[in-house]
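Beneath this line is the structure, given in structure tokens, with notes to follow.
The values are calculated or read from the model by the stated rules, or taken from the named source; none is laboratory data. All figures in this text were calculated on a predicted structure; none of them were measured in a lab. Note: ideal-geometry Cβ built from the backbone for every residue, glycine included; neighbour counts use all protein chains shown. The area values use the complete protein model at the heavy-atom level, side chains included, leaving out ligands, DNA and RNA. Shrake-Rupley method; radii C 1.70, N 1.55, O 1.52, S 1.80 Å.
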Amino acid sequence: SFVKIVGLTIEAGRIAATVVQKQFGKTELLDSFTATYGSVEELTAILKERARVWSGGRIVSSLPGNLFTQRTVTFPFSDRKKIEKALPFELEDLLPFDLDDVVLDHLVLSTGSGKTPETKVLAVVLPKAALRQHLNQLASAGIDPQAVIPSFAGLAAVAKMMPSEGNALMVCSRDLCVRKGEAVTALRSLGASAT
């Protein structure tokens with residue numbers, strides 16, 4: 001069987017999408033497109049037209065990374081569930097928001113080894129209002145994404161696939177990814193963008 005995945009980016013008057021198909025351990029590019037829009041109505045029309053083509057696919061939508069607040073946190077364990085439980089307590093005093101008003105997730109940057117495995121994670125925090133607005137825009141076009149991620153998360157995924165010796169900096173639009181050897185050490189989205 002195969003899986004169709006749609007990567008969707010909407011930012012500052014521009015929409016872009018890439019459609020890939022995963023089958024038997026291989027990934028094949030099926031389609032990609034970029035379009036500009038001048039109003040919410042134009043964006044909705046573009047999304048409605050494309051939604052038919054994306055039918056049956058898993059949609060991963062990204063939001064501009066600058067909408068997210070981020071903090072790097074290190075834990076003395078690597079279990080994802082433990083990290084998810086501990087993260088709110090680690091961030092509570094570091095964030096200028098009430099945790100009830102945000103969505104909190106994390107990306108693993110590196111995992112240590114040995115007797116005391118340390119896991120370095122990038123905590124990402126998004127106001128619920130920004131997520132709700134994005135999901136409502138997609139829903140108005142009949143699109144229900146399976147995941148919403150910061151734009152720099154895609155860059156991190158690509159960086160992990162690229163061979164690198166020493167330090168490497170990857171840049172895509174406003175997103176930056178720093179990699180040292182096999183580990184992603186920093187992710188950032190610079191500047192403001194109108195959405």
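Before moving on, here are some points about what is shown:
- Among the residues of region 56-88, those identified as open to solvent by less than 70 Å² (accessible area, probe 1.4 Å) and either without any contact (Cβ under 8 Å) to a residue 24 or more places away in the chain or farther than 24 Å from Ala12 by Cβ (or both) are Gly57, Val73, Phe75, Phe77, Ser78, Ile83, Ala86, Leu87, Pro88.
- Hits in region 21-49 - residues which are touching a Lys or Arg at 6+ places or on another chain (Cβ under 8 Å), at pLDDT 90 or above and surrounded by 14 or more Cβ atoms within 10 Å (Cβ to Cβ): Ala35, Tyr37
- Sole exception among (1) more than 27 Å from Ala129 (Cα to Cα); (2) basic (Lys, Arg); (3) modelled with pLDDT of 90 or more for Arg14, by number: (1)
- The strands (runs of 3 or more DSSP E) found wholly in region 125-183 and carrying at least 1 residues that are open to solvent by 20 Å² or more (accessible area, probe 1.4 Å) and polar (S, T, N, Q) occupy 167-172.
- Selected residue (criterion: nearest to the chain's Cα centre (by Cα)) from residues of region 58-87 that are part of a helix (DSSP H, G or I) and within 19 Å of Val148 (Cβ to Cβ): Gly65
- Residues in region 89-124 that are exposed (fewer than 12 other Cβ atoms within 10 Å of the Cβ) and not basic (Lys, Arg): Phe89, Glu92, Asp93, Leu94, Pro96, Asp98, Asp100, Asp101, Ser113, Gly114, Thr116.
- Out of Ser1, Ser55, Ser61, one residue alone is small (Gly, Ala, Ser) and modelled with pLDDT of 90 or more. It is Ser61.
- Condition check for Ile5: closer than 16 Å to Ala153 by Cα, open to solvent by less than 60 Å² (accessible area, probe 1.4 Å) and in contact (Cβ under 8 Å) with a residue 60 or more places away in the chain: no
Yes/no matrix, rows are residues, columns are (1) aromatic (Phe, Trp, Tyr); (2) at pLDDT below 90; (3) within 30 Å of Glu41 (Cα to Cα); (4) more than 16 Å from the chain's Cα centre (by Cα):
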site	(1), (2), (3), (4)
Ala153	no, yes, yes, no
Ala157	no, yes, no, no
Leu169	no, yes, no, yes
Arg174	no, yes, yes, no
Gly191	no, yes, yes, yes
Ala194	no, yes, yes, yes
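- Those residues of region 105-131 which are without any contact (Cβ under 8 Å) to a residue 40 or more places away in the chain, under 23 Å from Gly181 (Cβ atoms) and of a type in the set (Gly, Ala, Ser), in sequence order: Gly112, Ser113, Gly114
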